[in-house]
Amino acid sequence: MKGYLHLEDGSVYTGEIEHGSSQDISGEIVFFTGMTGYQEVLTDPSFKNQIVVFTYPLIGNYGINSSDVESLQPHVKAVVMYECTDQYSHYEAKHSLKEYLQKWNIPIIHHIDTRSVVKKIRHQGSMAATISKEIKKEEQPSTIYEDGVFEVTSSSIETYGEGEKHIVLIDFGYKKSILTSLVNRGCKVTTIPLSMMNKVVELDPDGVVLSNGPGNPEMLKSYFSQIKQIVSSYPTLGICLGHQLISLSFGAKTKKLLFGHRGANQPVLDTKTKKVFMTSQNHSYVVIGESLKQTDLITRFYNINDDSIEGLSHATLPILTAQFHPEAHPGPTDSEWIFDEFLDLVAVAKGDILYA
């Protein structure tokens, strides 16, 4: 069936719609540059309420399996592709991409000129978009939803693993791979919904992780003082949105990037080791460097492409943050050591090891 992608600037692209709601679908349009990893992208809660354009021209060729999901369901509003194949080949695959998205009633619009769409986003920035079965000559999309964190956080406290180190993972829409990375390193992990952060003290953890999540971090300003109290009391790792929230809680500021960082090939410099490594990223907002001068936060990581801040440490407290995803999935595993460094901070605080 013929369908239309309407952008906020008035542009209209014609393609073919596969399944989904009979009603128009609206959201913020962004693009992902990885050649693979579409299953992880679809199920990453950080993509809540977004329409994702896949830049690689053929998507779906290895199908959908049961192990590479980052949450229990996809969170994207819709998917834009040049071509979505029905044929897939992988020994773990259970369904085609089309079958998977149809199950969740998420529309695909394909045979769209994705190169043109991406160029427009890179020039004009992320914008509101609508997918419709008819051309809208007068009405233009105008709404971007940035409070999706309240839709993806969990509703109860859960515990995983049986390790000696007890880590509380505050859930703003965490990826399964973060949990797995900690459990595989011998941690007992308790996940807590953001609305239950007051339970952290009762759980008496050895360390705290603030997870990734969708939307504008300023939407959570009512939690800033509580976050600062928590991260000032325990060794802490902040990932993506968690990094931004820690920064804001100490008085720094954030701003929205023109089109964000979404892909599996972002080069990052570690100011401590002077080494560059490749990272997987998915974020719209970034910490403003000038705003750190009024805080005790110190820039630890930089993005080589645009000099944006990619992570912080604290002058006196055992705090480490990463704007990128050390758990990867999809993407390179170059930065998995971030978890090890965080657990070293936990071990020092527990008295298991001494400072060198």
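The values are calculated or read from the model by the stated rules, or taken from the named source; none is laboratory data. Quick caveat: nothing in here was measured; it's all calculated off a predicted structure. Cβ coordinates were reconstructed from backbone atoms using ideal geometry, including for glycine residues, and neighbour counts include every protein chain displayed. To get the accessible areas, we keep the full protein, side chains included, count just its heavy atoms, and leave off ligands, DNA and RNA. Shrake-Rupley method; radii C 1.70, N 1.55, O 1.52, S 1.80 Å.
Laid out as a table, the results:
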quantity	calculated
Count - residues of the range 189-202 that are assigned to a helix (DSSP H, G or I), more than 18 Å from the chain's Cα centre (by Cα) and not basic (Lys, Arg)	7
Count of the range 281-313 residues which are more than 14 Å from LEU241 (Cα to Cα) and in contact (Cβ under 8 Å) with a residue 60 or more places away in the chain	0
Positions within the range 286-298 being open to solvent by less than 20 Å² (accessible area, probe 1.4 Å) and closer than 12 Å to GLU310 by Cα, in sequence order	VAL286, VAL287
Qualifying residue in the range 68-84 (condition: assigned to a loop (DSSP other than H, G, I, E, B), among the hydrophobic types (A, V, I, L, M, F, W, C) and touching a strand residue (DSSP E or B) at 6+ places or on another chain (Cβ under 6 Å))	yes
Selected residue (only one of TYR100, TYR82, TYR88 is closer than 13 Å to PHE54 by Cα, at pLDDT 95 or above and aromatic (Phe, Trp, Tyr))	TYR82
Residues of the range 225-252 classified as of a type in the set (Phe, Trp, Tyr) and within 20 Å of the chain's Cα centre (by Cα), total	0
Residues of the range 314-338 that turn out to be surrounded by fewer than 20 Cβ atoms within 10 Å (Cβ to Cβ) and over 21 Å from ALA264 (Cα atoms), as a count	5
Checking SER89 against (1) touching a Ser or Thr at 6+ places or on another chain (Cβ under 9 Å); (2) under 24 Å from THR36 (Cβ atoms), the condition it does not meet	(1)
Only one of GLY63, GLY37 that is on the phi > 0 side of the Ramachandran plot and touching a residue at least 40 places away in the same chain (Cβ under 8 Å)	GLY37
Residue within the range 53-60 that is in contact with a Leu (Cβ under 7 Å, 6 or more places away or on another chain), on the phi > 0 side of the Ramachandran plot, modelled with pLDDT of 95 or more and open to solvent by less than 30 Å² (accessible area, probe 1.4 Å) present	yes
Check on HIS261, within 17 Å of SER335 (Cα to Cα), part of a helix (DSSP H, G or I) and not hydrophobic (A, V, I, L, M, F, W, C)	no
Selected residue (criterion: modelled with the highest pLDDT) from residues of the range 1-43 that are under 26 Å from CYS240 (Cβ atoms), open to solvent by 10 Å² or more (accessible area, probe 1.4 Å) and out of contact with any strand residue (DSSP E or B) (no Cβ under 6 Å at 6 or more places or on another chain)	GLU40
All positions within the range 217-240 that are buried (at least 24 other Cβ atoms within 10 Å of the Cβ) and either among the hydroxyl-bearing types (Ser, Thr, Tyr) or within 17 Å of PHE342 (Cα to Cα) (or both)	VAL231, PRO235, THR236, LEU237, GLY238, ILE239, CYS240
Matching helices (runs of 4 or more DSSP H) fully within the range 92-185 where at least 2 residues are open to solvent by less than 10 Å² (accessible area, probe 1.4 Å) and in contact with a helix residue (DSSP H, G or I) (Cβ under 9 Å, 6 or more places away or on another chain)	97-103, 176-183
Residue within the range 193-216 that is surrounded by 23 or more Cβ atoms within 10 Å (Cβ to Cβ) and of a type in the set (Ser, Thr, Tyr) present	yes
Qualifying positions in the range 203-223 - part of a helix (DSSP H, G or I) and closer than 20 Å to PRO318 by Cβ	LEU203
Any hit, the range 208-219, residues being more than 28 Å from VAL41 (Cβ to Cβ) and touching a residue at least 24 places away in the same chain (Cβ under 8 Å)	no
Residue in the range 89-100 that is among the basic types (Lys, Arg) and under 20 Å from the mean Cα position of the chain (by Cα) present	no
